[in-house]
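To start, the structure itself, in structure tokens.
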Amino acid sequence: MATMMMHHRFQILRNSSPILSYSLLPKYPSSSSFFRRTPPCSYKNHHHHQLKFFSNRQFSTSTTPLFCSKSSSDLISEVVVQNKTSIVGDLLDYLNESWTHFHATAEAKKQLLAAGFHLLNESEEWDLKPGGRYFFTRNMSCLVAFAVGEKYTAGNGFHAIAAHTDSPCLKLKPKSASLKSGYLMVNVQTYGGGLWHTWFDRDLSVAGRVIVKAGDGSYEQKLVKVKRPLLRVPTLAIHLDNTVNKDGFKINLETQLIPLLATKLEEPSTESKDKAKVYHHPLLMQILSDELGCGVEEILGMELNVCDTQPSCLGGGNDEFIFSGRLDNLASSFCALRALVDSCVSPGSLASEQAIRMVALFDNEEVGSNSAQGAGAPTMFQAMRRIVGCLGNECAREGVFERALHRSFLVSADMAHGVHPNFADKHEENHRPELHKGLVIKHNANQRYATSGITAFLFKEVAKMQNLPTQEFVVRNDMGCGSTIGPILASGVGIRTVDCGIPQLSMHSVREVCGKEDVDIAYKHFKAFYQTFSSIDKKLSVD
């Protein structure tokens, strides 16, 4: 969710018994378990024919060893019964892979290719056909995917879900190297409206995108992720700040939110003729080159985020919560993407569809969306126009694109504010979304959200047909309201839009919380939207 500026049950067994072999390990990480990667023949792949609690596509190979006192046969039986339709395990995999917006887009790309979607290039001519499934990326941080109904005719609408890939974080400055009191420090910029005090005393590292010079003299983009704890922003001892508990934790974001990398053992080398190399500590550059398997001199540019190394996992007394960074808004992105894939993966799933099903994942929402890869750019609508033109075979009648937009519907999916048990008075008393109670439909009379009475009704009808719960949210009149990409997209071309989100706690913290059950509800709601909205929309006529 944008800043104010712009703004069932799977029981993890924790008894201290020997670790299960790789072939018998449940895939859900738990807050009490030790996290590590495993060989490709992991539990979820080896026993997929037995467990079947996710779709046929396996997009990640991560799993976690857990302590368990039950026999392997009991464990398998329990998992099969309780989780045969859950996507929570795959969401945890996605979160643990997606440390940055670049990695989130790369993972989405991997999933779409595995599901049979065809990669398009915005710079090339498109050849689209009814029944086809396609996608493209922009800046490797924005992605648009769509599936064309086999009954599609020019002028029919788009049924789209839009979310965003970015989250508040710290980003390395172009010149990050500094030295303070014998420590090698890494200068950072704040990105978005983060709860910056939560970044102190965390095991941090770096991840992002680098530009590398290849052997043939060309340049290529590579993703990098240093998984070990590399950085830390230490708090000041209470003895040196004995009023902190009374007056609050107040910091200067420029001078006191600087991660330390190492102690200064020797003078950094300045022998390199390329001054760009001393913009960052030689130690950091060496770590990156080791990770990438290239020489330091081959790294010509980079965009790096500071990231928390603690893995996403289940937590709570009944493992009913998801503890993770970047839930806002990767949880929405994953649910939307998975719903699109699963709504058109089986033979005949698009046979009677007259519309085009679409997902759009944008970057830079947390800072206002005003970028080439943000929702403020015409990316999605340019794609829609190209799709309509391509499928219309250049013989469509007047106003075909405008008619298509008039028949379209957009779901703006961004995490919502769940009621906080210690601060319940921050919510309007009749609009207090709870965890595990379904998607939250967001309303705001001042158009901070794009929901209208009509769009809310239609979206709730989708849920009603599937017996899925929904909730309502409106902010108190004496408090400011955040915003989303919904109003940006709705006002751009006049597409009908509803704003909704999974309720969560600790929004914009380095470590957020949402309900495990709400993830599955959101996925089912989004999937039902793709599968049933055409029939629901025909029943309502509004000019």
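Please compute the alpha carbon radius of gyration of the range 231-370, then divide it by the globular-protein estimate 2.2 N^0.38 Å. Two decimals is fine. Mind showing how you got there, number by number?
Values: Rg = 23.2 Å, N = 140, 2.2 N^0.38 = 14.4 Å.
This ratio for the range 231-370 stands at 1.61.
Around the Cα centre of the range 80-177, unit charges on the Cβ atoms of Lys, Arg, Asp and Glu (plus for the first two, minus for the last two) sum to a dipole of about 240 debye. With 26 Å as the limit on Cα-Cα distance, the pairs of K437/K527; K129/K222; K460/K538; K110/K524 that go past it are K129/K222. Structural size metrics of the range 467-517, computed from C-alpha coordinates, are Rg and Dmax of 14.0, 36 Å.
Considering only L119, F102, G131, and ranking their Cα positions along the charge dipole of the range 90-179 that arises from unit charges at the beta-carbon of Lys, Arg, Asp and Glu, the one farthest toward the positive end is F102.
Note the full-extension length gain between S123 and D203 as 0.36 nm times their separation in residues minus their Cα-Cα distance, in nm to one decimal. Write out the running numbers ahead of the final one.
Working: separation 80, 0.36 × 80 = 28.80 nm, distance 4.10 nm.
Going from the current span to full extension adds 24.7 nm.
A cut-off of 5 Å between modelled amide H atoms, ignoring neighbours fewer than 5 places along the same chain, links A162 with A360, V411, S412, A413.
When only the Cβ of Lys, Arg, Asp and Glu is charged (+1, +1, -1, -1), the dipole of the range 451-500 relative to its Cα centre reaches about 100 debye. Extending 7 Å from the Cα toward the beta-carbon at both E254 and D216 defines two label points whose distance is 4.7 nm. Summarised as an ellipsoid, the range 353-460 has semi-axes of 35, 17, 12 Å, derived from the eigenvalues of the Cα gyration tensor scaled by 5 and square-rooted, with the largest first. Backbone amide hydrogens, once placed in the peptide plane, bring K264 within less than 5 Å of Y183, L184, excluding anything fewer than 5 places away on its chain. Since only A262, G248, V224 are under comparison, the one whose Cα sits farthest along the positive direction of the charge dipole of the range 174-304, derived from C-beta charges on Lys, Arg, Asp and Glu, is G248. Its convex hull of Cα atoms gives the range 85-223 a direction-averaged projected area, equal to a quarter of the hull surface, of 13.9 nm².
Counting heavy atoms of the protein chains only and a 1.4 Å probe, report the per residue accessible area for the range 426-478 as a whole number of Å².
Numbers: 2880 Å² over 53 residues.
Computed with neighbouring chains in place, this is 54 Å² per residue.
For the residue pair K227 and N245, what label-to-label distance in nm results when each label sits 7 Å from Cα along the Cα-to-beta-carbon direction? Distance between the two pseudo-spin positions: 3.9 nm. With θ taken as phi - 60° and the Karplus curve 6.51 cos²θ - 1.76 cosθ + 1.60 applied, the whole-hertz 3J(HN,Hα) list for the range 155-169 is x, 6, x, 10, 10, 10, 10, 10, 9, 9, 9, 8, 9, x, 6 Hz, x standing for glycine and proline.
The values are calculated or read from the model by the stated rules, or taken from the named source; none is laboratory data. Every value quoted in this text rests on a predicted model; they were computed, and no experiment measured them. Note that we place each Cβ from the backbone using ideal geometry, even for glycine, and neighbour counts take in every protein chain shown. With ligands, DNA and RNA removed, areas are computed over all heavy atoms of the protein, side chains included. Shrake-Rupley method; radii C 1.70, N 1.55, O 1.52, S 1.80 Å.
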